[in-house]
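For reference, the structure discussed in these notes is given below.
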Amino acid sequence: VPAISYALHALAQYGRVFAVREAISRAEDCASTMARLQGPEGQWWWSYRVRQGEVAVRYPVYSVSQDSSMPMALEALHLATGHRNYAENITRGLNWVLGQNELGTSLLDEGCGATWQCIAQESGELQIVKEMQSYHPARCLYWLATYRLDAVS
């Protein structure tokens, strides 16, 4: 997801700032495919076969993809187009982090103030990887400050 979400975000921003309709159109095509491929619990999967428009690798599913990189990209596209709203997809991804996921467990650990890195598959078993990336809180704050505040103003 990271490469796709960053490209989607960049295309949407570029198209909006420089009024390049083709960039926005490509971003819309990508976002539409991503929304179609989003997992049943709101997962933004790890890797895709872009030419075929299908999921290549499902796990790990990273919390940063769920709560910041994909929401940020989809909000940028919504801002650029003014029409297609991905709030349902974003909400499903956020709810995945909060426990509406395949393990039924929140990746937010309030006891230690961490958002765990991902749900990964190890020897056929799904498990939470209890590590936290230092950039994760900053991405969440950037998304909230940049896009969610624009949405309410």
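The values are calculated or read from the model by the stated rules, or taken from the named source; none is laboratory data. Just so it is clear, the structure is predicted and the values come from calculations on it, not from any experiment. All Cβ positions, even for glycine, are placed from backbone atoms using ideal geometry, and neighbour counts span all protein chains on display. What goes into the accessible areas is simple: the full protein's heavy atoms, side chains included, and nothing from ligands, DNA or RNA. Shrake-Rupley method; radii C 1.70, N 1.55, O 1.52, S 1.80 Å.
Out of S68, S134, S47, any idea which swings most in a Gaussian network model of the chain, alpha carbons joined below 10 Å? Comparing S68, S134, S47 in the GNM, the peak value goes to S134.
Measuring r between the beta carbons of A19 and Q121 and using R0 = 30 Å, the FRET efficiency lands at 0.10. Note that the chain carries a Kirkwood radius of 15.8 Å, evaluated over its alpha carbons pair by pair.
Determine the share of the chain's accessible area contributed by carbon and sulfur atoms, expressed in whole percent, with a 1.4 angstrom probe.
51 percent
Of all the options R36, R84, R49, the one that moves most in a Gaussian network model of the chain with Cα springs shorter than 10 angstrom is R49.
Model label points for T146 and L37, set 7 angstrom from Cα along the Cα-to-Cβ axis, are 2.2 nm apart. The value of relative contact order for the chain, using C-alpha pairs under 8 Å at least six residues apart, is 22 percent. About the centre of its Cα atoms, the chain shows a dipole size close to 520 debye [charges on the beta carbon of Lys, Arg (+1) and Asp, Glu (-1) only; nearest 20 debye]. Secondary-structure-derived ellipticity at 222 nm for the chain, considering helices only, amounts to -14000 deg cm²/dmol, per-run term -39500 (n - 2.57) for DSSP H runs with n ≥ 4.
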